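Here's the structure we're looking at; comments come further down.
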Amino acid sequence: MDDGQATTDPDTDPGVGLPAPRGGNAGRPEQGAALLIPGETCWRIERATRFAVFVDAAEYFATLKRAVLRAERRVLFIGWDFDPRIRLDPLAGGRPKDDRLGAVLEQAVEQNPQLEIGVLQWDLGMVRALGRGLQPIVLLDRRTSDRLTLAIDTHHPVGGAHHQKIVVVDDCLAFTGGIDVTADRWDTSDHADSNPHRRSPAAGRAEGRLAGPWHDATSMLTGPAARAVAELARTRWESGTGERLEPLPEGRECWPAEVEPLLTDVDVAISRTRPEHGGMELVHEIELLWLAGIAAARRSIYVESQYFASRRIAEAIAERLREPDGPDVVVLNPWTADGWLSEKAMGTARARVLELIREADVHDRFRLYCPVTEQREPIYVHAKVAVVDDRLLRLGSSNLNNRSMGLDTECDLAIEAVEGQPGADRVAATIVDFRHRLLAEHLACTPDEVAAAITDTGSLVRGIERLRRPTGRSLVVFEPPELGTVDRALAESEVMDREKTPNRWRRVERFFARRRRPRNRVRA
């Protein structure tokens, strides 16, 4: 808020329609209650027959290439940024020009006369691409097959972005998360200091510059949940191009046999941010889910995000940190934002909210870390992942900043282990194992070592601290720079990242606090 007052108390919209709590006694934890509520914290919940997560882009891009070449009827790319010059599977060998995204799309439509491919990119993302030497999409579109359409989406508020990262194949296989199909995203999970395949695209046959290490994540799913993502993608396509696409008939099993699913037959929730624009009402399910997860967390909250700049989210976290037995909170960020302007906007806001957090962290349960390579160079964190206790895994396109809550178009997926429901123990174990996998990557150890450290210390923060190393690949505690007068004024005014949503924290906190499970002796 512009006046610097707390944004968590009181509510600016106390009338949010959360369901009435079940069970009678409001002071006791309610068992078996869900955080994912269609119409509030998510758009809808659908079944995924298979669900996988790609950590870092190497395997994702290789799988995407195979999926596009196997497509039968339609492929839709919905993106913030797009670059047809990038390589998709450099580890497989072969001629580089045949591996470039544009060449793969052209090959797909040439070999299948029934296939149509559409690419929808945010208009200002196109401007960014011009700065990398990419020709305008309108020119590229004229040179492609009539069944390969490249379009830009201008349908957004002033200053807003279409930030979703979605690919849908034949309405039966959907990819969505944080990885843009563009330059400088490709990397493997070892994040080597120098990788000859990690290059930015260049004009013609020139070899692009070496790119830095990049950490990211996205998901892949099939079943009714994939068809729901496909519906969302078609809606965006129609909004951006004016062309209505009919859903494809349900048909083949399209899961790539070479990919091992993380979960099968699991409910997946889709949460959105959609700004108020062009007669459309504001949708801010993503923010409400963040607040719900913070309110309901019993033992730990683990977050990977490009930014940590939302004052409302920070104040909600601060409130939980003040509690004598509240959750540990661990956030992973890049050391600096990508680009001078982003650092001015997001870096100064991060420094400001960290002051608020540190004042509240009287029990030493908060850490903000930055991952580093073997030679202690920063790894850029672009993933948008959160794990709450052993009950909620969320992954998508949204960051912890104000734009992702109310100004930009976003899409997140979430999986919840609801106590008492069939398969809840299996889902809960998978959620925790996935968090351990992520931490093992950053701490250069095994998931079992992560699990043991957290169990032995009884704390997520203390477990990580036990495993951190002063040399080599590890996590480094972030120390914000001192803010000067101008930067402090910029951060407090939020002029470059204003809140766009009504404040519903207090009502969400009251409602979801009852959903906290009884504490276990060991913090999950």
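The values are calculated or read from the model by the stated rules, or taken from the named source; none is laboratory data. Being a predicted model, the structure only gives us computed values, none of them experimental. Glycine gets a Cβ as well: all are built from the backbone with ideal geometry, and neighbour counts include every protein chain shown. Protein only, heavy atoms only, side chains kept; ligands, DNA and RNA dropped before computing areas. Shrake-Rupley method; radii C 1.70, N 1.55, O 1.52, S 1.80 Å.
Descriptive notes on the structure:
- Taking each residue as 0.36 nm, the span from Arg66 to Asp98 lengthens on full extension beyond its C-alpha to C-alpha distance by 10.2 nm.
- On full extension, the segment bounded by Asp456 and Leu91 gains 127.5 nm, given 0.36 nm per residue less the C-alpha separation.
- Cβ-based charge dipole, region 185-328, positive-most Cα from Leu210, Leu321, Ala269: Leu210
- Applying 1/(1 + (r/R0)^6) with R0 = 30 Å to the Cβ-Cβ distance of Glu465 and Glu260 gives a FRET efficiency near 0.40.
- Accessible area of region 353-400 belonging to carbon and sulfur atoms, whole % at 1.4 Å probe: 44 percent
- Under Karplus coefficients 6.51, -1.76 and 1.60, residue-wise ³J(HN,Hα) of region 293-307 in Hz, glycine/proline x: x, 5, 5, 8, 4, 9, 10, 7, 10, 10, 9, 10, 8, 5, 10
- A straight chain from Arg510 to Asp433 at 0.36 nm per residue would run longer than the Cα-Cα distance by 24.7 nm.
- Between the amide H of Leu392 and those of Ala417, distances stay under 5 Å, these residues lying 5 or more places away or on another chain, with hydrogens modeled in the peptide plane.
- Label-point gap, in nm, between Glu479 and Leu210 - each point 7 angstrom along Cα→Cβ: 2.8 nm
- Assuming charge only on the beta carbon of Lys and Arg (+1) and of Asp and Glu (-1), the dipole of region 187-279 about its Cα centre is about 480 debye to the nearest 20.
- When Rg and the Kirkwood radius Rh are both evaluated on Cα atoms of region 240-357, their ratio Rg/Rh stands at 1.07.
- Put the Cα centre of region 157-179 next to the Cα centre of region 363-400 and the gap is 21 Å.
- Where GluC sites (Glu not before Pro) fall in DSSP loop in region 244-342, at most 16 other Cβ within 10 Å: Glu250, Glu253, Glu258, Glu276, Glu281
- Using a Förster distance of 30 Å, the FRET efficiency for Ser189-Asp146 (Cβ separation, nearest 0.05): 0.15
- Values of log10 I(q)/I(0), in the order q = 0.16, 0.17 Å⁻¹, for region 283-428 under a Debye, Cα-only, solvent-free model: -0.88, -0.99
- As a fraction of the 1.4 Å probe accessible area of region 173-252, surface on carbon and sulfur atoms comes out at 48 percent.
- Charge tally around Val169: other residues with Cβ under 11 Å, Lys/Arg +1 each, Asp/Glu -1 each, net +2.
- Surface per residue (accessible, 1.4 Å probe) for region 204-303, Å²: 41 Å²
- Cα gyration tensor shape of region 171-222, rounded if a/c is under 1.5, else prolate or oblate by comparing a/b with b/c: oblate
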